[in-house]
Amino acid sequence: MDKLYIVLLIAVLAVLAGGLLMLRVQQAAPGGDKLRWAFGALRRAALPFAIRATIALGALGAILFLIFAFIPGLSLRLAFSALIGVAASLFAVHVSLHSGVRAITNAAAAATRSPAVVVRKAMAAGAAGGFSAAGIALLALAALVLVFAHGAEAAILGEMLLHNLAGFVLGTCAVAIVFRCGGGIASQAAAMAQASAQSDVQPESGEVKNPADICAIACESVSGMGGLAAEYCTVLSASLTAAMILGVVALKSSLGTAYPLLIAAAGLTASLIAMLWVFRSPAQKPLSAARAGQLVATMFMLMLALLITLLSHVPIGIFLAVLFGAAAGGINALADDYYANHKPKPAAVQDGGWAFLDALWIGSRASLLPVITLAATAVGAFAVCGGFKEPAKGMFGLGLAAVGITAAGAYRIASQASACILKQAARIAPIAGLDQINITTLNSIQDSLPCACTVRGHSVAAFALAGLGLYAAFTHSANLPTSDLNQPLVLGGLLIGATLVLWSAGGALRATRLAAKSLSAEVKRQFAEISGLAEGQAEGNYERCSEIAAAHSIRGLGYSSLALVAAAVVFGGVFRLLKVWLYAGTRSAGGGELAAGMIAGAVLLSLVIGLMAAGLAGTISSLRKNAGATPEGAFTASLGAAIASAAAPMLMFAPILLASAALAFSGWLR
């Protein structure tokens, strides 16, 4: 356990680095009067969403604390870990969001200087969120292990980790759903309302400050920056939790807990090195350096992981499992970049319906290589750790593969957040009245980067491996050495879990429709009642638009999330009682088979459909830029963007939410 103090030190340094970068971004001059206005408008539009979401999550944290603390069979430590998970993820969200909103106008102002300055300002803000998210998640997990499991014997260490850390994953996942999915719902609803207002309201000036347009930029910033930080907190904590629980079982010592945390610390250190390398790269090639930074981070992470493996005297197969996970991440990233930059055929752009079918075909193709890669990674990690002789070690290898694909993710999150910042800077530039040269510079920079405000295939793959790790941890905690598909409860669980995930994604799309309908009515009301708005001489009520979008998104996601958590507990509990009645104590009376099947079904469906939705992103992005010629094209682009930005994130988070809830209540399901 003494090795964990090294992890704590690295995590603290990462949080400090994120804080210093945030201060650096905040201290930069926002530009002229128009850009100062743009910053104030974005801040006023983003603040109501952030406040409402924070209040809702605070209430959720209090409810989880009461449930875990006072219901028999659960524990006060589980309650504290859930509360810490919510607080840690909210910290990362607010650091990323405050840095990102300021960096949007900073990047727009820097367009008058050079593309290198623009990229570095965006990367600094993205790094503030990425390092804060990685550092706070690693710091909280290591601290929880030290406080709750320090000095415990290996025989009970796994159970202690299970009961302490499942709540942390549940808390971080709740925050990610609200900000990542909720921000995506709100931004797409605002974009639809903005299109509706343009068709129904004929502005008298070209400089109209459409309140829906400002709301869309602000809410997309919430999703693409704050939500992205919460997303990484979730996938990192899920991967580490699964690997630590399985590591104690496989290695029968505390080293099984320390090793995954050390690998994550190595990945965080490598991300810091890569970011320094990008900042010191030649000014003539900022984009090339930014793209190569992920390769630098991964290579440094693997070198440090090999050194940790040799110093820890563990089998080399454990390092190979980490290597397989990192390689899978690299292959998925290459597929990501290819499909994210895929352009639809010119003929298809003129007709939105045909373009949407083309996008669906591209999405289905985009899922093939990642699925094969992940299957090979899972089997390879299981084999190199000796899983065919000792299944517990093979499951540990699976957990380490999940850690390998996420360990160096702090740099990737920084890169994706910076792409979102540049996209919003290009959108705010004409609204803020920048000249055409600056607008062209910003558009050329952001066109060279893949779309980052929608779900990426690499993220879907990372969540799938994390979900498989949590599945393996749950089967251990529920005393299920195998989950045989011949068992009707497991097969039934597969069907229920897949259906629940699809239903939750449908709930996100329904929330988008309801929010768009309400926002459209509000925008039309403002154009009718606010004197001078249609002439560009007055401002709209951005705060009201953001409040409407936030209310609909949080309400819709709340229903879906509660249903997922309740399903794992209620279905498992009911079938547990049913087995007791059927077998009258002659057979193990547990509901874990159904819950295990639900987790597996949720992971499989979210992987395939999530990769397909991620493959839509590049084509839809191109379609939205070129589909203005026909109303059908614009409508189809909005529909595809809603799938990629609102439904796809829920597909990723649903299996993690389901698995963490099952782990938290695993004592009831045995």
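The values are calculated or read from the model by the stated rules, or taken from the named source; none is laboratory data. Quantities reported herein were computed from a predicted structural model and do not represent experimental measurements. Glycine also receives a Cβ, built like all others from the backbone with ideal geometry; neighbour counts cover every protein chain displayed. Accessible surface areas use protein heavy atoms only, side chains included; no ligands, DNA or RNA. Shrake-Rupley method; radii C 1.70, N 1.55, O 1.52, S 1.80 Å.
Step by step: first the residues of the stretch 525-537, then only those that are open to solvent by 20 Å² or more (accessible area, probe 1.4 Å) and among the hydrophobic types (A, V, I, L, M, F, W, C), then the one that is farthest from A511 (Cα to Cα). Which residue is that?
I530
Considering only residues that are open to solvent by less than 10 Å² (accessible area, probe 1.4 Å) and more than 20 Å from the chain's Cα centre (by Cα), look in the stretch 269-282 and name the one that is modelled with the highest pLDDT.
The qualifying residue modelled with the highest pLDDT is A270.
Out of the residues in the stretch 452-491 that are surrounded by fewer than 18 Cβ atoms within 10 Å (Cβ to Cβ) and assigned to a helix (DSSP H, G or I), which is modelled with the lowest pLDDT?
Of everything passing the filter in the stretch 452-491, P488 is modelled with the lowest pLDDT.
Among the residues of the stretch 296-321, which ones are outside any helix (DSSP H, G or I) and of a type in the set (A, V, I, L, M)?
V314
Please go through the stretch 521-568 and pick out each residue that is more than 30 Å from A662 (Cα to Cα), under 33 Å from the mean Cα position of the chain (by Cα) and not aliphatic (A, V, I, L, M).
As a first pass, look at the stretch 521-568 and keep what is more than 30 Å from A662 (Cα to Cα): 521-549.
Filter once more, keeping what is under 33 Å from the mean Cα position of the chain (by Cα): 521-523, 540-549.
Across the stretch 521-568, the qualifying residues are E522, G540, N541, Y542, E543, R544, C545, S546, E547.
Give the stretch 62-92 a look and list any residue that's in a helix (DSSP H, G or I) and of a type in the set (G, A, S), or say none.
Step one: filter the stretch 62-92 for residues in a helix (DSSP H, G or I), giving 62-70, 76-92.
The answer is A62, A69, A79, S81, A82, G85, A87, A88, S89, A92.
Just to be sure, is A176 under 30 Å from R525 (Cα atoms) and at pLDDT 65 or above?
Against the criterion (under 30 Å from R525 (Cα atoms) and at pLDDT 65 or above), A176 does not qualify.
Tally up the residues in the stretch 381-417 that are open to solvent by 10 Å² or more (accessible area, probe 1.4 Å), without any contact (Cβ under 8 Å) to a residue 60 or more places away in the chain and touching a helix residue (DSSP H, G or I) at 6+ places or on another chain (Cβ under 9 Å), please.
3
Take the residues of the stretch 252-267 that are out of contact with any Ser or Thr (no Cβ under 9 Å at 6 or more places or on another chain) and open to solvent by 10 Å² or more (accessible area, probe 1.4 Å): which is nearest to A14 (Cα to Cα)?
Restricting to residues being out of contact with any Ser or Thr (no Cβ under 9 Å at 6 or more places or on another chain) and open to solvent by 10 Å² or more (accessible area, probe 1.4 Å), the top hit is S254.
Quick one: which of V15, V93 is under 21 Å from the mean Cα position of the chain (by Cα), touching a residue at least 12 places away in the same chain (Cβ under 8 Å), under 22 Å from F168 (Cα atoms) and open to solvent by 10 Å² or more (accessible area, probe 1.4 Å)?
Among V15, V93, only V15 is under 21 Å from the mean Cα position of the chain (by Cα), touching a residue at least 12 places away in the same chain (Cβ under 8 Å), under 22 Å from F168 (Cα atoms) and open to solvent by 10 Å² or more (accessible area, probe 1.4 Å).
Do we have L287 as out of contact with any strand residue (DSSP E or B) (no Cβ under 9 Å at 6 or more places or on another chain), closer than 16 Å to C385 by Cβ, part of a helix (DSSP H, G or I) and modelled with pLDDT under 90 here?
In short, no.
Return yes or no: is A59 assigned to a helix (DSSP H, G or I) and in contact (Cβ under 8 Å) with a residue 40 or more places away in the chain?
Against the criterion (assigned to a helix (DSSP H, G or I) and in contact (Cβ under 8 Å) with a residue 40 or more places away in the chain), A59 does not qualify.
Rundown of residues vs (1) outside any helix (DSSP H, G or I); (2) at pLDDT 85 or above, yes/no style:
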| position | (1), (2) |
| --- | --- |
| G182 | no, yes |
| A197 | no, no |
| E204 | yes, no |
| T234 | no, yes |
| S253 | yes, no |
| A258 | no, yes |
| I263 | no, yes |
| G267 | no, yes |
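Any idea which of L502, L494 is open to solvent by 30 Å² or more (accessible area, probe 1.4 Å), closer than 16 Å to A646 by Cα, touching a residue at least 60 places away in the same chain (Cβ under 8 Å) and assigned to a helix (DSSP H, G or I)?
Being open to solvent by 30 Å² or more (accessible area, probe 1.4 Å), closer than 16 Å to A646 by Cα, touching a residue at least 60 places away in the same chain (Cβ under 8 Å) and assigned to a helix (DSSP H, G or I) holds for just one of L502, L494, which is L502.
Could we say that A634 is modelled with pLDDT under 85 and crowded, with 24+ Cβ neighbours inside 10 Å here?
Criteria not met by A634.
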